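Since every read-out is calculated from the coordinates, none of them should be taken as a lab result. Note that this is a predicted model, so its numbers are computed, not measured. In this analysis, Cβ positions are derived from the backbone assuming ideal geometry, glycine residues included, and neighbour counts consider all displayed protein chains.
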Ligand SMILES: [Ca+2]
Ligand SMILES: [Ca+2]
Ligand SMILES: [Zn+2]
Ligand SMILES: [Zn+2]
């Protein structure tokens, strides 16, 4: 069986391994054998067993180390491993082979797909989640403490960004749950050696070797399905080249937690070996195709290709300044990691600049995806015509449109509910809203109107009203928010052509005015008279 799935067969093999290794590794019973051969066997037999290349129960007991090394099963295992590791295929233990057996890696098994095409490997069958919204909790934090170890804030950030890699290319939505009385789908925890009381959960091995492992969804482990365990003896780091990069390891393990097995493609994220810190890391194509086989595409997928041009049509005169520049926008929202900007009947999508130094945290200005004239919002979200006041993506991944006293809720690009009439309620939900954002940090939706802000709890329906200057202390009382959104952990409040940016504690970073179009959307810095 592949990955960490409950399987009686694999447990049986572990027991057999202990017996066989004694027989085979005892030179007293066998023909003369070199120390090197013995060392190679001691290293490779448990390794091949652990990673699924060889079941030692298949090797006849009583074989000498030399006979074992020369046996067809063993040589086949070595060749298969060498193919997976992308080193010369010799069928014998070479120096490269030893290096790759010692190199830090994921503890899950390498699977041997029946076809020999280098590619992603989906666990297949029912080894997937049968829902699109998944919850996770970071149960504990690394206890290894060096000056350069990840901080708790960095762990939380890296985990969020690792999930985002996968949610950006699928319909999946991940929600962090802090309350430890609530059962979640994916638990992430750090542990050393024997680290859980779960029967069959393999022990970790101290620093080096195995870095982490994860459990395939729906694979018979009960609550442990989909969980991710990190070896707490590793020195996990954040955005530096030393130590083990936590973001990369987490992103890989989440791949397993979603139902991917290892890929033999060296440049994929699901390749078993650690690659360390990679600045501006993007999900490789192999992994993207793999996860989309299981869950489908992100309905808002933004192509990184230039917009298609239709041959034969007359080219439109170039617009000097796109209509979204230097103007008051209707609404702005972060939807699955892409910024969507709404004005009149049009919308524009902007994606992060993957080549920017700050990627994935800060990549301003963003890169426009749609033509300057925009695309019709109605073509994307049926029933949504011009004049939307506020748009935001809710915790459950649904998208809410607000206009006057009406509310639409979309699941992907499909209308899920609405338009429903927002009725006056005793709890004080505002009747007209001019801007809205969903705050992942406190789970509240911020609704803006005039000098007021309402904090709305989507689950309980509770509303809390405050003045803008009380909620955002540095903000001037004349600020009127027309659009608002949360992007990479910061709140952006847009007032006409200008914007203010607030951190987790609602401290406003830029108290002075800053042009939204120029700084965030990449509009031309000078503003000649508009030509339309
Ligand atoms: Ca779980
Ligand atoms: Ca380890
Ligand atoms: Zn793995
Ligand atoms: Zn474990």
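Which order, highest average first, do 193-203, 429-439, 406-416 follow once you tally other Cβ atoms within 10 Å for each residue and take the mean per peptide?
Sorting 193-203, 429-439, 406-416 by mean packing, highest first, produces 429-439, 406-416, 193-203.
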Legend entry - Simple label model, 7 Å out from Cα along Cβ direction - residue 139 to residue 87, nm: 3.4
Legend entry - Rg over Rh, two decimals, the range 220-276 (C-alpha only, Kirkwood Rh): 1.00
Inset, instruction - Measure nothing but the geometry: give the 0 to 90° angle between the long axis through the Cα atoms of 152-167 and the longest principal axis through the Cα atoms of the chain, rounded to 10°. - result: 90
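For a quick protection proxy, order the peptides 157-164, 141-148, 372-379, 41-48 by their average other-Cβ count within 10 Å, most packed first.
Packing order, densest peptide first, comes out as 157-164, 41-48, 372-379, 141-148.
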Inset, instruction - Could you give the spread of the C-alpha atoms of the range 81-192 along their three principal axes, from largest to smallest, in whole angstroms? - result: 52, 42, 23
Legend entry - Degrees separating the helix 285-295 axis from the principal Cα axis of the chain, which is the longest one: 80
Legend entry - Along principal axes, Cα extents of the range 331-520, largest first, whole Å: 49, 40, 26
Legend entry - Chain lengthening between residue 35 and residue 181 when straightened (0.36 nm per residue, less Cα-Cα): 47.1 nm
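Okay, helix-only estimate at 222 nm for the chain: each DSSP H run of n ≥ 4 adds -39500 (n - 2.57), divide by all residues, round to 500 deg cm²/dmol; what do you get? Intermediate results must be reported in sequence, preceding the final value.
Numbers: 11 runs with 114 residues, N = 532.
Theoretical 222 nm ellipticity from helices: -6500 deg cm²/dmol.
Give me the Å³ per residue figure for the convex hull around the C-alpha atoms of the range 345-398. Could you put the intermediate results ahead of the total?
Working: hull volume 6.2 nm³, N = 54.
So the per-residue Cα hull volume is 115 Å³.
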Inset, instruction - From zero up to wherever the largest Cα-Cα distance of the range 362-457 sits, split into 10 Å bins and tell me the percent of pairs in each. - result: 14, 42, 34, 9, 1
Legend entry - Projected label distance in nm at residue 379 and residue 474, using a 7 Å step from Cα toward the beta-carbon: 4.1
Legend entry - log10 of Debye I(q)/I(0), alpha-carbon scatterers only, for the range 445-492 at 0.19, 0.28, 0.30 Å⁻¹: -0.64, -1.15, -1.20
Legend entry - the range 128-295, Cα convex hull volume normalised per residue, Å³: 113
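In what sequence, highest mean first, do 446-455, 348-357 appear when ranked by Cβ atoms within 10 angstrom? Intermediate values should be presented prior to the final figure.
Values: 446-455: 20.9, 348-357: 17.6.
Descending mean neighbour count gives 446-455, 348-357.
Given that compact globular proteins tend to follow 2.2 N^0.38 Å, what is the ratio of the alpha-carbon Rg of the chain to that value? Provide the component values of the computation, followed by the final result.
Details: Rg = 27.3 Å, N = 532, 2.2 N^0.38 = 23.9 Å.
Against the compact-globule rule of thumb, the ratio is 1.14.
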